[in-house]
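Taking it in order: structure first as structure tokens, then the write-up.
The values are calculated or read from the model by the stated rules, or taken from the named source; none is laboratory data. All figures in this text were calculated on a predicted structure; none of them were measured in a lab. Cβ atoms come from the backbone with ideal geometry, glycine included; neighbour counts cover every protein chain shown.
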Ligand SMILES: [Zn+2]
């Protein structure tokens with residue numbers, strides 16, 4: 001690999017040399033290319049740079065297949081996450097002109113890597129993994145918004161001078177700030193829409209987020225060890241409110257892009 005880069009660099013330098021010879025052959029030409037001094041400048045209309053970029057959003061219903069997720073009250077996390085994801089897809093499709101892709105649309109098990117892979121392979125602009133929360137303490141709130149732990153290294157020590165390449169499981173680093181901004185915006189919207197619920201932002205080494213190459217978060221809602229929470233999570237009215245709130249946060253984060 002090293003040899004390849006040296007060759008490429010040599011070629012680039014050579015090409016740059018030819019290019020400057022072509023563009024700046026003499027002092028006369030340099031003067032001719034000098035920019036005019038008092039030209040009126042028309043600025044481009046202000047527009048969020050993210051609007052045009054949000055083409056694909058990937059929603060990941062947590063768990064599936066033999067992995068039921070939290071189950072203690074009888075409700076299965078894997079079923080609730082699929083219901084939430086389908087609702088969120090419908091809501092987002094009605095509001096945004098982006099393509100909405102689910103990592104699974106049936107009761108199948110997927111690895112964390114496969115889930116992030118769906119987002120990466122579809123060149124998604126956003127990746128949201130949906131879960132219900134769980135706490136052994138029945139009275140704990142259980143909800144969280146997870147962002148990948150910033151200093152996660154997968155057990156490898158950082159070489160002096162930093163890494164030249166990111167291993168696949170550190171892809172999250174390329175969008176760490178945007179992921180946190182997405183989490184904060186979602187937190188604000190959820191706290192407003194669901195008074196009494198708390199959605200703390202936590203940083204954890206989550207496998208499903210590690211290799212995502214776009215802003216990525218995981219949302220855990222409620223405590224599936226709490227009977228009242230489990231019942232509410234299965235109610236269509238609650239799910240509709242929840243998914244509308246997530247969709248609103250995503251739309252705000254995407255900077256618009258609303259369907260005309
Ligand atoms: Zn889960």
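Selection over the stretch 222-232 of residues that are part of a helix (DSSP H, G or I) and within 17 Å of residue 186 (Cβ to Cβ) gives a count of 0. Residue 41 - would you say it is at pLDDT below 95, away from the ligand (no atom under 16 Å from the Cβ) and not in a helix (DSSP H, G or I)? Yes, satisfied.
Applying the selection to the stretch 105-143, what residues are within 13 Å of residue 58 (Cα to Cα), within 16 Å of the ligand (Cβ to nearest atom) and surrounded by fewer than 22 Cβ atoms within 10 Å (Cβ to Cβ)?
Narrowing the stretch 105-143 to residues within 13 Å of residue 58 (Cα to Cα): 105, 114-130.
In the following step, the residues that additionally are within 16 Å of the ligand (Cβ to nearest atom) were identified as 114-116, 127-130.
Of everything in the stretch 105-143, just one residue is within 13 Å of residue 58 (Cα to Cα), within 16 Å of the ligand (Cβ to nearest atom) and surrounded by fewer than 22 Cβ atoms within 10 Å (Cβ to Cβ), namely 114.
Please work out which residue is surrounded by the fewest Cβ atoms within 10 Å (Cβ to Cβ), limiting yourself to the stretch 68-103 and to residues that are free of Cβ contacts under 8 Å to residues at least 60 places away in the same chain and touching a helix residue (DSSP H, G or I) at 6+ places or on another chain (Cβ under 7 Å). In this case the residue turns out to be 68.
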